[in-house]
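The values are calculated or read from the model by the stated rules, or taken from the named source; none is laboratory data. Just so it is clear, the structure is predicted and the values come from calculations on it, not from any experiment. Counting neighbours? That spans all protein chains shown, and the Cβs are built from the backbone with ideal geometry, glycine included. Areas reflect the complete protein model, heavy atoms only, side chains present, ligands, DNA and RNA absent. Shrake-Rupley method; radii C 1.70, N 1.55, O 1.52, S 1.80 Å.
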Amino acid sequence: GQGAGYATGGCGSAKECIGELRGQLQPYAIYVPKKPEPAEGFGLTLLLHSLSANYNQFEGSHNQSEFAERATGSIVITPSGRGPDGWYYDHAGADTFEVWADVARHYRLDPAYTDIAGYSMGGYGTYKFSTQFPDLFARAQPTVGPPALGIWVPPAEPTGGEASLTERMLGSVRNIPFLIWDETTDELVPIAGVLKQVERFDELGYRYEFDQFQAGEHLTLAINDEFAPAAAFLGTETVDRNPAEVTYVYNPTMDFAADGTTSGHAYWVYGVTLRESSGTAPLGTVDARSLGFGQASPVANATEKGAGVLTGGQLPAIPYTSQSKSWQAPATSPASDALAITATNVAKVSVDASRAHVDCAPHFEVHTDGPLRVTLTDCPGGGPSRGYSFG
């Protein structure tokens, strides 16, 4: 299309939405670090904009520059999302990947040094993209981000519907540490939903830090404009493309095949197909652990609680309470040619055997709530793919 069409409203559901900005050429913001380009290329940080804002939201802010100038340097990009209220669905979501591809044409990037962050609706985008495509990101940092589209005050359903609720999908981020910033008195993102989101992180035993700021409202952290602790958290960690254990929660309502943004894959697990995909909010979960890495599952430390103040910004020190969970260093264990798989509402799944460090005839330990077909591909030695049925 041409120009803009604001009368059609925003995106944010499984229905097709082309967004308000219709043109073939889309604007975006980019901050290139002042540092020399590293031999392996710059990192990349997606910094997603808020509802009713645009790609210029972070220009001139410390949120942009502090993220970019950390360590060896990370290019920071803010896509338009084809308008101010696309919630990173359909064309609005595809725009993020189109911007990413355009930046990769112009700059050398280190694909493993990639992080995702965002403010408000951009925080929702941080949850959404990291749970859909977890193997793209090393770390994630949502600021005042709602866990679902719109307002969520449990036990009520989110205003954007259960299908938009990322709390149901957090199993996917086993290998992505999170730093979560929220305000107790946020008038737009009720703290009740945020606390439920954090509770789920804790139940899963995943790595996170939740800083709950005790003075301010939805825009306080933006006005304060101090993100050095968040930049330090993102640091220089890189994506582990082949972890010993993969958990993936597949939500097909967030897929848009015409855009090329279908998910259903993570790390060495792919082709996840639900057994029952009807209804408004279908979901399937698969957990696959390879014993071929010779590594035991990490043990989660006890939840820690504390307090602090955020200083250095435009406002006086902002106090916060903190809650976090970390992992102990993974213990070694004898490597064996074996896969342990637990699946819920999954009919089919494929495993890249070489990446999973097994052959195509491993020992299986499988727990499933119904018929499950497991296919092993990329067999060591070039052997043919093999399929197995369980349940």
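The figures follow:
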read-out: Test for Ala68: is it of a type outside the set (S, T, N, Q) and buried (at least 19 other Cβ atoms within 10 Å of the Cβ); value: yes
read-out: Options Gly312, Gly306: the member that is outside any strand (DSSP E or B), within 30 Å of Asp225 (Cα to Cα) and either touching a Gly at 6+ places or on another chain (Cβ under 8 Å) or open to solvent by 30 Å² or more (accessible area, probe 1.4 Å) (or both); value: Gly312
read-out: Members of the range 307-338 that are touching a Ser or Thr at 6+ places or on another chain (Cβ under 8 Å) and among the hydroxyl-bearing types (Ser, Thr, Tyr); value: Ser324
read-out: First in the range 150-165 and at positive phi, second anywhere and open to solvent by 20 Å² or more (accessible area, probe 1.4 Å) and not charged (D, E, K, R), Cβ under 6 Å, 6 or more apart; value: Gly150/Thr159; Gly150/Gly160
read-out: Any hit, the range 315-338, residues being touching a helix residue (DSSP H, G or I) at 6+ places or on another chain (Cβ under 8 Å), crowded, with 18+ Cβ neighbours inside 10 Å and farther than 30 Å from Phe233 by Cβ; value: no
read-out: Answer from Leu179, Leu165, Leu219, Leu188 - the residue that is at pLDDT 95 or above and farther than 21 Å from Trp87 by Cβ; value: Leu179
read-out: Criterion: modelled with pLDDT under 95, surrounded by fewer than 24 Cβ atoms within 10 Å (Cβ to Cβ) and touching a helix residue (DSSP H, G or I) at 6+ places or on another chain (Cβ under 9 Å) - qualifying residue of Gly150, Gly193, Gly171; value: Gly150
read-out: Residue within the range 212-224 that is in contact with a Gly (Cβ under 6 Å, 6 or more places away or on another chain), surrounded by fewer than 23 Cβ atoms within 10 Å (Cβ to Cβ) and more than 20 Å from Thr285 (Cβ to Cβ) present; value: yes
read-out: Enumeration of residues in the range 166-200 that are within 27 Å of Asp287 (Cα to Cα), touching a residue at least 40 places away in the same chain (Cβ under 8 Å) and either part of a helix (DSSP H, G or I) or more than 19 Å from the chain's Cα centre (by Cα) (or both); value: Thr166, Arg168, Met169, Leu170, Gly171, Ser172, Val173, Gly193, Val194, Lys196, Gln197, Val198
read-out: Per-region count, the range 40-79, residues within 11 Å of Gly122 (Cα to Cα) and in a strand (DSSP E or B); value: 5
read-out: Among residues of the range 40-93, those that are of a type in the set (A, V, I, L, M, F, W, C) and on the phi > 0 side of the Ramachandran plot, counted; value: 2
read-out: Filter pass, Ala331 being among the small types (Gly, Ala, Ser), more than 24 Å from the chain's Cα centre (by Cα) and more than 30 Å from Thr253 (Cβ to Cβ); value: yes
read-out: The range 241-295: number of residues that are part of a helix (DSSP H, G or I) and open to solvent by 10 Å² or more (accessible area, probe 1.4 Å); value: 8
read-out: Looking only at the range 250-281, and only at residues there that are closer than 15 Å to Glu16 by Cβ and small (Gly, Ala, Ser), the one that is nearest to the chain's Cα centre (by Cα); value: Gly260
read-out: Only one of Asp95, Asp115 that is in a strand (DSSP E or B) and crowded, with 22+ Cβ neighbours inside 10 Å; value: Asp115
